[in-house]
Every structure is written in C-alpha cells, then in structure tokens.
Amino acid sequence: MLDLPVRPFPAELEVERTVSAQSLVSFRGNFYSVPPGMPGAQVRLVHRLGEDYFHVVTAGRAVIARHRRAAGEGEAAVVSVRHGPARRSR
C-alpha cells in the first residue's frame with residue numbers, strides 16, 4: 001500500500017468567460033482585469049481550490065493574468081497595474 005500524499009489532490013475550478021469592452025472578466029461576483037485589446041475574447045479562469053489566487057488563460061492555456069481573489073462578492077473591480085486603467089459601466 002502506498003503512503004498518503006503530502007498535499008491533497010489539486011482540484012481546480014475552471015470557468016469560461018467573455019472579456020468585456022472594459023477589459024474585465026467576472027468571477028464569483030467580482031470583476032478582474034485582463035490585458036487591453038481583448039474585448040470579446042473567450043478566456044478561462046482557473047482557480048485551484050484552497051488557494052487565494054486564480055489565473056486567466058487563453059484557449060491555448062497561456063496565462064494572461066493572475067489575480068488574488070477578492071474577499072467577498074459584490075461590486076469590486078480588481079485591476080492589475082500592468083493592465084492599465086479599466087472602467088466598468090453600468
């Protein structure tokens with residue numbers, strides 16, 4: 001019989017999103033930035049359960065953004081300084 005692994009199995013939540021005209025994607029009630037020039041693009045958000053961060057990846061699995069998950073759900077917009085100003089209209 002094999003020993004139990006030191007770390008638990010790395011389960012991941014993966015969801016598909018469309019980038020908004022403001023270069024934002026939504027995840028669990030909050031908005032997060034992606035690099036400019038991607039409005040309408042289909043991306044995947046990959047969150048390894050138990051971790052504070054998630055990745056935004058292209059169809060080819062290239063990581064284009066990494067964000068710390070916001071603590072709560074609501075109207076937060078998390079913008080990376082590397083992605084420049086993003087605005088969300090209502």
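Can you pull out every residue in region 18-29 that is polar (S, T, N, Q) and open to solvent by 30 Å² or more (accessible area, probe 1.4 Å)?
18, 20, 22, 26
Quick one: what pairs do we get from region 45-68, first residue without any contact (Cβ under 8 Å) to a residue 24 or more places away in the chain and under 17 Å from residue 8 (Cβ atoms), second small (Gly, Ala, Ser) and open to solvent by 50 Å² or more (accessible area, probe 1.4 Å), C-beta under 6 Å, 6+ apart or different chains?
none
For region 20-44, give me each residue that is of a type in the set (Val, Ile, Thr) and either under 13 Å from residue 78 (Cα atoms) or free of Cβ contacts under 8 Å to residues at least 12 places away in the same chain (or both).
25, 34, listed by residue number.
Determine the pairs where a residue that is touching a residue at least 24 places away in the same chain (Cβ under 8 Å), located within region 1-19, has a partner that is exposed (fewer than 10 other Cβ atoms within 10 Å of the Cβ) with Cβ atoms under 9 Å apart, the partner being 6 or more residues away or on another chain.
Final answer for the pair search is 8/50; 10/50; 11/50; 18/40; 19/40.
One line per residue, one yes/no per condition, for (1) surrounded by 15 or more Cβ atoms within 10 Å (Cβ to Cβ); (2) outside any loop (DSSP other than H, G, I, E, B); (3) at pLDDT 95 or above; (4) not charged (D, E, K, R):
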position	(1), (2), (3), (4)
5	no, no, no, yes
16	no, yes, yes, no
31	yes, yes, no, yes
37	no, no, no, yes
40	no, no, yes, yes
43	yes, yes, yes, yes
51	no, no, no, no
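The values are calculated or read from the model by the stated rules, or taken from the named source; none is laboratory data. Keep in mind that what you see is a predicted model, and the values were worked out from it rather than measured. Every residue, glycine among them, receives a Cβ derived from its backbone with ideal geometry; neighbour counts consider all protein chains shown. Just the protein is used for accessible areas: all its heavy atoms, side chains included, with ligands, DNA and RNA removed. Shrake-Rupley method; radii C 1.70, N 1.55, O 1.52, S 1.80 Å.
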